[in-house]
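The values are calculated or read from the model by the stated rules, or taken from the named source; none is laboratory data. Nothing here was measured: the structure is a model prediction, and the numbers come from that model. Cβ coordinates were reconstructed from backbone atoms using ideal geometry, including for glycine residues, and neighbour counts include every protein chain displayed. Ligands, DNA and RNA are stripped out before the accessible areas are found, and what is left, the full protein with its side chains, is counted by its heavy atoms. Shrake-Rupley method; radii C 1.70, N 1.55, O 1.52, S 1.80 Å.
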Amino acid sequence: MGSAFVDVFLDDDAVSPTLVSSCMDTWSNPQAKAMAASLLELGEAASEKSSDQDSGESEEDSSSSLQTIVESNVKPIQEYATSVTFVPKLDDGLYLVGAGVRKKSIVKVYAVALYSSPTVLQALVKESTSGMRNAARSFSPSSPMTSFVLEMTYSAGAEKIAGAIAESVKPRYSGNPSDISELEALIVKGVNMKGGQASKGTIFRFDCSGEGVRVSVDGSDQGVAAFEGMGSAFVDVFLDDDAVSPSLIDSCVDTWSKVPLG
């Protein structure tokens, strides 16, 4: 009925031809056309801005919802083979993904935990271990850092533990092999500060990012091996097909695969 009423005044048999003529006279001159075009542009810009705001709000809501689900499901994990317990969340907001053990023959050298963002957890749920690895090593804006916390369960000298970690990174790193020496030196420096022995209970933390790998020993920051690609190579030590701790990957899957993060 609304359309029919409009036609009363605007169709070919309009009851007031002077109304139609007035509309044409008012808006058909160049100045009026320019004004109409300007108003149209303003309307389109306002519409685009509103659409962008809605999109941004939607993304923020989605991110907030994901974090809420992660917060409600994350919990401490006691690594089975070593009985080492890892806290559910680091101070910088990274969440515990899983925990495993690094063995050499029958010796349990250290327990290791993976900490990362809700984005990595979601990738694990959606795409299994390959998705987790890709998200953890790409260092996107939504997941700029992946951390590994190692607690020694067997004593080793500074050079021995540093050399073992460096040898694991070296074949996975595409940069200059000499860069690995800097990572190794940071580990040695940290262990030497506590007497040269990575005794049982010594805790290493390796923060992997696009910048490189930052090393801390028992909470003391030793610096960063700042080389492009080294952060990704370090992640691969624990998450690629030849990972040094298969039990870590199994723990990640067991802990999060059934949590509704999709």
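At a glance:
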item	result
Considering residues of segment 143-156 that are assigned to a loop (DSSP other than H, G, I, E, B) and open to solvent by less than 70 Å² (accessible area, probe 1.4 Å) only, the residue farthest from Ser116 (Cα to Cα)	Ser155
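Residues checked against (1) in contact with a Pro (Cβ under 6 Å, 6 or more places away or on another chain); (2) modelled with pLDDT of 95 or more; (3) more than 15 Å from Arg102 (Cα to Cα):
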{"residue": "Gln222", "(1), (2), (3)": "no, yes, yes"}
{"residue": "Val237", "(1), (2), (3)": "no, yes, no"}
{"residue": "Val244", "(1), (2), (3)": "no, yes, no"}
{"residue": "Ser247", "(1), (2), (3)": "no, yes, no"}
{"residue": "Val259", "(1), (2), (3)": "no, no, yes"}
